[in-house]
Amino acid sequence: MPSQTRTHLLTRWGFTCTCALCSLPTPEKRASDTRRVLLARAEDKILALAQSYRLADAIALTHESIDMIVDEDIYPMLTDEYAMLAMLYLEAGERENAERYGRLAWQLLADLGFLGVGEERPVFSLEKLLGNMGRLGGEGKAGLWKRKA
C-alpha cells in the first residue's frame, strides 16, 4: 500500500507513523510506493499469464515480485510467491524447481509459526503444500491452468 494511502488511513486515529518506511526521504518513499503498487498488481498479472499458459512469463514476473519483496523487506509475503513458483514450475514440468520453491514456502511458513513447532510440525511434501493451499481458495494441484487448445 502506498505511503499516501497508509498515512490517510492512520489519520482517522490521530496517529502519525514514524516507522522506518514512513520516515523515508521522499525519493526513496516514491520508489517504495512504486514497488508496492507493482506488487499489488503482479498477482493478477501472474495468474492471467498462467491461465493463458504463458508459464515462462508468469515465472519471470514472479521472480521480479520476489526481488521487490526483498527490496521492501516484507519477507512474510514471500510465502505466496514461493508457493506460486512451486505451482508454476510443476505445471511447466520442472519438478526440481517446484520442490525447491515449495520447500522455501514451507520453511518460511514454519519460521512464521504457521506449521506448529517441533514434532507437531508436518513433514514437507510438495503435494501436501499444494493441497493445503487449495483449501485456501485454489485447486491446490498441478493442472491448475488449462492448456490452450
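For segment 1-140, with every protein chain kept in place, what is the accessible area per residue (1.4 Å probe, Å²)?
Details: 8630 Å² over 140 residues.
Ligands and nucleic acids excluded, the result is 62 Å² per residue.
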**Request:** With a ≥ b ≥ c taken as the square roots of the eigenvalues of the C-alpha gyration tensor of segment 12-81, please select rounded if a/c is under 1.5 and otherwise prolate if a/b is larger than b/c or oblate if it is not?
**Result:** prolate
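How much net charge surrounds residue 28 when only other residues with a Cβ under 14 Å from its Cβ are counted (Lys, Arg +1; Asp, Glu -1)? Intermediate values should be presented prior to the final figure.
Numbers: positive: 29, 30, 35, 36; negative: 33, 71, 72, 73.
Net of charged neighbours comes to 0.
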**Item:** Distance between modelled label sites at residue 7 and residue 74, nm, 7 Å Cα→Cβ extension
**Value:** 1.8
**Fill in**
P(r) over all Cα-Cα pairs of segment 42-131, 5 Å bins from 0 to the longest distance, whole percent per bin, short to long, reads 3, 15, 24, 23, 19, 10, 4, 1, 0
**Complete:** So for R0 = 22 Å, FRET eff. of residue 30-residue 67 from the Cβ-Cβ r, to 0.05, ends up at 0.75
**Message:** Net charge within 10 Å of residue 4 by Cβ-Cβ distance, Lys/Arg positive one each and Asp/Glu negative one each, not counting residue 4 itself?
**Reply:** +1
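The values are calculated or read from the model by the stated rules, or taken from the named source; none is laboratory data. Bear in mind that the values here come from a model prediction, so they are computed numbers and not experimental data. All Cβ positions, glycine included, derive from the backbone under ideal geometry; neighbour counts span all protein chains shown. These accessible areas exclude ligands, DNA and RNA; they are computed on the full protein's heavy atoms, side chains included. Shrake-Rupley method; radii C 1.70, N 1.55, O 1.52, S 1.80 Å.
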